[in-house]
Amino acid sequence: MSDRPLLLIVDDDQSFVRATRRSFERRGYDVVTCGLASDVPGLLEATVPQFAIVDLKLRGESGLNCVRSLKEHEPEMRIVVLTGFASIATAVEAIKLGACHYLAKPSNADDIEAAFGKAHGDASVPLTSRRTTLKNLEWERIHEMLVETEFNVSETARRLGMHRRTLARKLAKRRVV
């Protein structure tokens, strides 16, 4: 048996899984992956990961159920929830269910590994008065619609009441996760 830490990645985005797997393997982790929350219990029969990365939305399933089952199986597991649809409500529930951290996508391996190391809250975090900008709200709405239309740019533009070329220019300026 390996003395390397075992990481479980539960995400249905295969390109993200491949990139994250490579990053963590280079950092000395053994990595197992799973695309659906419903497949996790079977995987846990064979392995006991010390760390897990769980996507919040898994093909219609909630990653929060996955967090609950992982924590019930192994209470000491360090779980980071990742999402492209961050909200205060889901962040609170993820932490209540046992996640050690909640990160909005895009997050890289450095962010995730740092989140694994944060065992307790930090009361010294500075309070900011940063408000949500109209530009950020627009980008969040565009991203939601892209996901709903399975990244069909023409259909997304139609639903947003925007010309397709205008949407294409906006997408060229910002990376889609």
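The values are calculated or read from the model by the stated rules, or taken from the named source; none is laboratory data. It should be emphasised that the depicted structure is a prediction, and the values quoted were computed from it without experimental measurement. All Cβ positions, even for glycine, are placed from backbone atoms using ideal geometry, and neighbour counts span all protein chains on display.
Observations on the structure shown:
- Just one of (1) modelled with pLDDT of 90 or more; (2) touching a Cys at 6+ places or on another chain (Cβ under 9 Å) fails for I112. It is (2).
- Scoring V177 on the criteria (1) modelled with pLDDT of 90 or more; (2) surrounded by 12 or more Cβ atoms within 10 Å (Cβ to Cβ) leaves a single failure, condition (1).
- Conditions (1) in contact (Cβ under 8 Å) with a residue 24 or more places away in the chain; (2) outside any helix (DSSP H, G or I); (3) buried (at least 18 other Cβ atoms within 10 Å of the Cβ): number failed by D12: (3)
- The set of residues in region 148-171 being in a helix (DSSP H, G or I) and among the aliphatic types (A, V, I, L, M) consists of V153, A157, L160, L167, A168, L171.
- Lone qualifier among L36, L58 - being surrounded by 18 or more Cβ atoms within 10 Å (Cβ to Cβ) and farther than 19 Å from D111 by Cα: L58
- Residues of region 15-33 that turn out to be part of a helix (DSSP H, G or I) and surrounded by 15 or more Cβ atoms within 10 Å (Cβ to Cβ), as a count: 6
- Test set (1) touching a strand residue (DSSP E or B) at 6+ places or on another chain (Cβ under 6 Å); (2) of a type in the set (A, V, I, L, M, F, W, C); (3) closer than 16 Å to C34 by Cβ - L64 fails condition number: (1)
- The set of residues in region 58-87 being more than 14 Å from L97 (Cα to Cα), out of contact with any Leu (no Cβ under 7 Å at 6 or more places or on another chain) and free of Cβ contacts under 8 Å to residues at least 60 places away in the same chain consists of G60, A86, S87.
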